[in-house]
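The values are calculated or read from the model by the stated rules, or taken from the named source; none is laboratory data. Because the structure is predicted, anything quoted here is derived from the model rather than measured. We place every Cβ from the backbone using ideal geometry, glycine too, and count neighbours over all the protein chains shown.
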Amino acid sequence: MKIKAIFRMKIRMARRFEVEKLYLAGSYGFKEIDRNGIQPLIDILAKKFELILPFEKAKDKGLRLAELEQELRSDKPSVSPAQILKEMQAINFQIGFGNVEHIRACDRILAIADGPDQDAGAAAECGFGYALGKRCDAYRNDFRPSGENSACIMSLQLEYFIRASGGIFFFSFAEVKMHFEI
């Protein structure tokens, strides 16, 4: 009996020193301006968390999708459009599956919720994380209204996942730094 109690105590103590894994959800990886704009936040968070950046994890797949999209839109594709779409669907599935595995492996999620309409992928990722019992936070530096009504900071459903998980809304990089004591 004593051995089990000591073992459990050692596990709890070891967990205190583990770095939390944070999954960064959002559409920031699709455009160069967004990738560059989010970098200061990534730099701040990297001081406190092991970051899981889905766009970095799937970078090669994303580049391949861009190539296939160009091929599909060309006047003379080298293979049939059906073959191109089939490969694209397979890559889409691999990326989605990878994101699911990364969310399972993380301790918490931070949704980048800027813009007049939040990214559907980020909302889905937060919803999945919430269903797994993960804490979901949001960063929103956009002052424009974006919810379904005046009582919403952002998308009603995304806001629910954040509030119900005990998450926090951040409205500036300074707030993130202050909250995590970075």
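Odds and ends about this structure:
- For the range 58-87, a residue qualifies if it is within 30 Å of HIS179 (Cβ to Cβ) and surrounded by 16 or more Cβ atoms within 10 Å (Cβ to Cβ), and exactly one does: ALA58.
- LEU22 vs. criteria in contact with a Cys (Cβ under 9 Å, 6 or more places away or on another chain), surrounded by 15 or more Cβ atoms within 10 Å (Cβ to Cβ) and within 18 Å of GLY121 (Cα to Cα): yes
- The helices (runs of 4 or more DSSP H) located wholly in the range 85-182 that include 3 or more residues which are under 18 Å from LYS48 (Cα atoms) occupy 173-179.
- Residues being free of Cβ contacts under 8 Å to residues at least 24 places away in the same chain and in contact with a helix residue (DSSP H, G or I) (Cβ under 8 Å, 6 or more places away or on another chain) - total across the range 50-78: 6
- Within the range 125-141, the set of residues being buried (at least 21 other Cβ atoms within 10 Å of the Cβ) and aliphatic (A, V, I, L, M) comprises ALA138 only.
- Number of the exception - PHE30 against (1) at pLDDT 95 or above; (2) assigned to a loop (DSSP other than H, G, I, E, B); (3) of a type outside the set (A, V, I, L, M): (1)
- Residue within the range 79-100 that is within 28 Å of PHE161 (Cα to Cα), among the polar types (S, T, N, Q) and either in contact with a Leu (Cβ under 7 Å, 6 or more places away or on another chain) or touching a residue at least 60 places away in the same chain (Cβ under 8 Å) (or both) present: no
- In the set (1) over 20 Å from SER27 (Cα atoms); (2) crowded, with 20+ Cβ neighbours inside 10 Å, the condition left unmet by GLN118 is number (1).
- Any hit, the range 65-88, residues being within 28 Å of GLN157 (Cα to Cα) and modelled with pLDDT under 95: no
- Selection status of ILE6, surrounded by fewer than 13 Cβ atoms within 10 Å (Cβ to Cβ), part of a helix (DSSP H, G or I), modelled with pLDDT under 95 and at negative phi: yes
- Taking (1) under 21 Å from ALA105 (Cα atoms); (2) surrounded by 12 or more Cβ atoms within 10 Å (Cβ to Cβ); (3) out of contact with any strand residue (DSSP E or B) (no Cβ under 6 Å at 6 or more places or on another chain) in turn, LYS47 satisfies each apart from (2).
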